[in-house]
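Heads up: the structure comes next, in structure tokens.
The values are calculated or read from the model by the stated rules, or taken from the named source; none is laboratory data. Just so you know, these numbers come straight off a predicted model, no measurement behind them. Positions of Cβ are generated from backbone atoms using ideal geometry, with glycine treated the same way; all protein chains shown enter the neighbour counts.
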Amino acid sequence: MRNYSFRRVTQDDLPRLRAWLDAPHVKVWWGDAEKQAALIKQDMDNPKIVMQMVELVGQPFAYIHHHDAHAFPMPEYADLPRGTRVIGTFVGSPEYLGQGHAVGYIDAHLRDLRLHYPMVAVAANTTDTRTIGIYNQAGFRKRRLVETRQGKLVQVMTHL
């Protein structure tokens, strides 16, 4: 097991996050890098969302956030029980892709979240089979297909 650490996103992380959001492997699923970077910056002090950098041996390589499933108007999570946390994540540094790090740090993060919350959920784009596979390996199970407010079809998955 690798020793992943998680720390809050700071202002100093914003340039790195912006560069990661512009990387082709992130941009394909996270969309407009400028818009996403602005949302991260805007929500840094929002108590409803916890945004963290993922590090391995002190080197940041990924981003993860979590929030209450009902904190934002997201119909894909409307049927989930109170207290459910939603996560969103990406590996930013391309040299960390394809080595099992995503499953590893998601699993490590889940161990902590599950101590405090009854359920954790994600909503992956239905065409993003790689991400769905990663979440499956981390113990998530398919719950239902649903459209987001933007009309995208997503696979909602939960970790019980």
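Here are the numbers:
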| item | result |
| --- | --- |
| Filter result (exposed (fewer than 15 other Cβ atoms within 10 Å of the Cβ) and of a type in the set (Gly, Ala, Ser)) within the range 67-98 | Ala71, Ala78, Gly83, Gly98 |
| Residues within the range 89-104 that are of a type in the set (S, T, N, Q) and under 16 Å from the mean Cα position of the chain (by Cα), tallied | 2 |
| The lone exception for Phe61 - which of (1) modelled with pLDDT of 95 or more; (2) in a loop (DSSP other than H, G, I, E, B) it fails | (2) |
| Cβ-Cβ under 8 Å pairs, at least 6 apart or on other chains, the range 76-99 side touching a residue at least 12 places away in the same chain (Cβ under 8 Å) and under 28 Å from Arg18 (Cα atoms), far side surrounded by fewer than 13 Cβ atoms within 10 Å (Cβ to Cβ) and acidic (Asp, Glu) | Glu76/Glu147 |
| Filter result for the condition that a residue is among the small types (Gly, Ala, Ser), within 17 Å of Tyr117 (Cα to Cα) and out of contact with any His (no Cβ under 6 Å at 6 or more places or on another chain), over Gly88, Gly58, Gly83, Gly31 | Gly83 |
| Residue that is surrounded by the fewest Cβ atoms within 10 Å (Cβ to Cβ), among those in the range 111-143 that are free of Cβ contacts under 8 Å to residues at least 24 places away in the same chain and in a strand (DSSP E or B) | Arg141 |
| Val86 being closer than 19 Å to Arg143 by Cα, in contact with a Phe, Trp or Tyr (Cβ under 8 Å, 6 or more places away or on another chain) and of a type outside the set (Ser, Thr, Tyr) | yes |
